[in-house]
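Student: Quick one: this structure, given as structure tokens, is what I'll be asking you about.
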Amino acid sequence: MRRITREELRTNIWVALSVLKPYQARALSLNVDRIRNEVTDDLVQRIMGTVDSETVMLRPDMVGSAHSPSHGKWGVDEPHPHPDLVSRSG
């Protein structure tokens, strides 16, 4: 399991917003870099809290072959960090 840093989260969100289809970016008013950066910073703040916050995001390690690794699944490839949580997707 690995911890996701604030900067890594920011990069992932920014890239996801950057590769939206043009009509999706227009609908969300994200076709200007300044606005995309503001939205990215706001999402990071909402997810991880302030810079001095102790919020931590965990991601399972990569599993599978070296040629096509994928993120593991909690409770399958790695022990769940909080087994008392009930999964809503499963």
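The values are calculated or read from the model by the stated rules, or taken from the named source; none is laboratory data. Note that the structure is a prediction, hence the values are computed from the model and not measured. In this analysis, Cβ positions are derived from the backbone assuming ideal geometry, glycine residues included, and neighbour counts consider all displayed protein chains.
Student: Within segment 1-24, which residues are among the basic types (Lys, Arg) and either in a strand (DSSP E or B) or in contact with a Gly (Cβ under 7 Å, 6 or more places away or on another chain) (or both)?
Tutor: 2, 3
Student: If the requirement is being at positive phi and without any contact (Cβ under 8 Å) to a residue 40 or more places away in the chain, which of these qualifies: 18, 29?
Tutor: Step by step, each of 18, 29 is checked, and only 29 is at positive phi and without any contact (Cβ under 8 Å) to a residue 40 or more places away in the chain.
Student: What are the residues in segment 47-66 that are under 29 Å from residue 77 (Cα atoms) and surrounded by fewer than 10 Cβ atoms within 10 Å (Cβ to Cβ), if any?
Tutor: Within segment 47-66, 54, 55, 65, 66 meet the criteria.
Student: Would you confirm whether or not segment 25-34 contains a residue that is of a type outside the set (Gly, Ala, Ser), closer than 30 Å to residue 74 by Cβ, in a helix (DSSP H, G or I) and out of contact with any strand residue (DSSP E or B) (no Cβ under 9 Å at 6 or more places or on another chain)? It would help to see each step written out before you state the result.
Tutor: Start the filter on segment 25-34 by keeping residues that are of a type outside the set (Gly, Ala, Ser), which leaves 26, 28, 30-34.
Of the ones still in play, those that are also closer than 30 Å to residue 74 by Cβ are none.
Checked segment 25-34: no residue is of a type outside the set (Gly, Ala, Ser), closer than 30 Å to residue 74 by Cβ, in a helix (DSSP H, G or I) and out of contact with any strand residue (DSSP E or B) (no Cβ under 9 Å at 6 or more places or on another chain).
Student: For segment 1-21, how many residues are of a type in the set (S, T, N, Q), exposed (fewer than 13 other Cβ atoms within 10 Å of the Cβ) and farther than 25 Å from residue 79 by Cβ?
Tutor: Looking only at that region, the number is 1.
Student: Let me ask you something else. Confirm whether residue 26 is at pLDDT 75 or above and either under 24 Å from residue 3 (Cβ atoms) or of a type outside the set (A, V, I, L, M, F, W, C) (or both).
Tutor: Spelling it out, residue 26 is indeed at pLDDT 75 or above and either under 24 Å from residue 3 (Cβ atoms) or of a type outside the set (A, V, I, L, M, F, W, C) (or both).
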